[in-house]
1. Of all accessible surface on the stretch 299-431 at a 1.4 Å probe, what whole percent is carbon and sulfur?
2. Would you rank Asp353, Asp308, Asp288 by solvent-accessible area, highest first, keeping every protein chain in place and using a 1.4 Å probe?
3. Report, ordered by chain and residue number, the aspartates and glutamates lying within cross-link reach of Lys420, taken as a straight Cα distance under 12 Å and ignoring same-chain residues fewer than 8 apart.
4. Arrange the residues Glu131, Glu147 by how much accessible surface each exposes, largest first, with a 1.4 angstrom probe.
5. For the stretch 269-365, report the accessible area per residue in Å² (1.4 Å probe, heavy atoms, rounded to an integer).
6. Please give the Cα centre distance for the stretch 286-362 versus the stretch 50-104, rounded to the nearest Å.
7. At a Förster radius of 22 Å, what calculated FRET efficiency corresponds to the Cβ-Cβ distance of Thr114 and Asp7, to the nearest 0.05?
8. With a Förster radius of 41 Å, plug the Cβ-Cβ distance of Glu416 and Arg199 into 1/(1 + (r/R0)^6) and report the FRET value to the nearest 0.05.
Amino acid sequence: MNSIWQDVHMPEFPPLEGDAKTDVLVIGGGMAGLLCSHFLTKAGVDTTVVEENRICGGITKNTTAKITFQHGLIYHKLVKKLGMERAKMYLRAGIRALDAYRALCEEIPCGFETKNNYVYHTTDAAILEQEVDAVHRLGFPAEYKKELPLPFPTAGAVKFRRQAQFHPLEFAAGIAKELKIYENTSVRRLKGTTATTDRGCITAKKVIVATHFPFWNRHGSYFLKLYQQRSYVLALQDGPDVGGMFVSAEDGGWSFRNYGSYLLLGGNNSRTGKKSTGWEPLKKAAKDWYPDALPAYQWAAQDCITLDGVPYIGHYSALTPDVYVATGFNKWGMSSSMTAALILCDQIMEKEDPYAAIFNPSRSILNPQLAINALESACNLLRPTVPRCPHLGCALKWNRQERSWDCPCHGSRFDEQGHKITNPAQKDLGR
């Protein structure tokens, strides 16, 4: 089950053999980790990346690779909950991230294309107009677009001009070549700013945990502040050109974007570990809507969801001044990876970042989603079945569509033989 992006040959790096020292250790070689290392290295900071498998071999390779600061219908919610100034911070951080990609992609061949982005709703025009009004008040010229080139009726969409899409692994390969990276190097333990691997220890002055879901349970309470969600993608050969990037504002809706002669159709979201029909609804929809387009690739994405819809970027916790985190990208991993890299680079270099406050991981966790996460964990901890997740002991569920054991508490996944597929678990089943 390979994504359409995996045809790229990625640069290869050796595993760590023995002990090492570095100014900044980045744990995790996905898009966020590579961007952090890129900016720090450019600033003259000795930076080392460790990745337990291959760089961009986890969540990054399964993105739909939209680069946009239109993260659903978020701005009306942010204005209502956090006020105008904080909502402006979120918007401007996204604009900065897109501008940074645009500048880097001028030098890296990666299929970067400027595209309009649309967030649509099938029935509720009022909620779209409400979002347009909120974005206007924040200073960005959003538009309400009524007619859309989608294969079903809608109430219209909120349109953001001049967003972008690209080939994520071509881009990652371009920035990784100049970085100090160790692949096939698992961090088993983090004590202060010293990381223990299977073949040695890395001593650092600062550490960035960019492992998608943070694995260090002692601080930060991320096992309560995050859950993971899966969604599914088909790449349809000879699908129509939809003329932009489209995503639904509704749970269970569809996403669309083109890549060359392919149409990427995504959807069917569900919490990891919950019953899912996988790609079947997408295949049925594709057959009904685009009977002449053939499914050529299929893959699944997994996203960390925060309590309030805003990523956690900054100090891992209030008690860890030299350890930082980037997580909870809420399905917007490309733009949020860049936002994280720019903020963390400033913080590590002791510069004041104008947007860091809104992403502070130590902000209030008083949110209804916290109770849902806690209840889900409690139920699965008490469920008297095996196998159990080695992360915190939750009962795993069999995923028939993908033939994997999935954790409904925190989203770790394991193949049929018990080998770990995704974190926060740090080891295979039975070890």
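1. 57
2. I get Asp288, Asp308, Asp353, largest accessible area first.
3. Within reach: Glu52, Asp406, Asp428.
4. Putting Glu131, Glu147 in descending order of accessible area: Glu147, Glu131.
5. Normalised by residue count, the accessible surface of the stretch 269-365 is 40 Å².
6. Their Cα centres are 6 Å away from one another.
7. 0.40
8. So the FRET efficiency works out to roughly 0.90.
The values are calculated or read from the model by the stated rules, or taken from the named source; none is laboratory data. What you see is a predicted model; the values in this text were computed from it and never measured. No Cβ is skipped: glycine too gets one built from the backbone with ideal geometry, and neighbour counts run over all protein chains shown. With ligands, DNA and RNA removed, areas are computed over all heavy atoms of the protein, side chains included. Shrake-Rupley method; radii C 1.70, N 1.55, O 1.52, S 1.80 Å.
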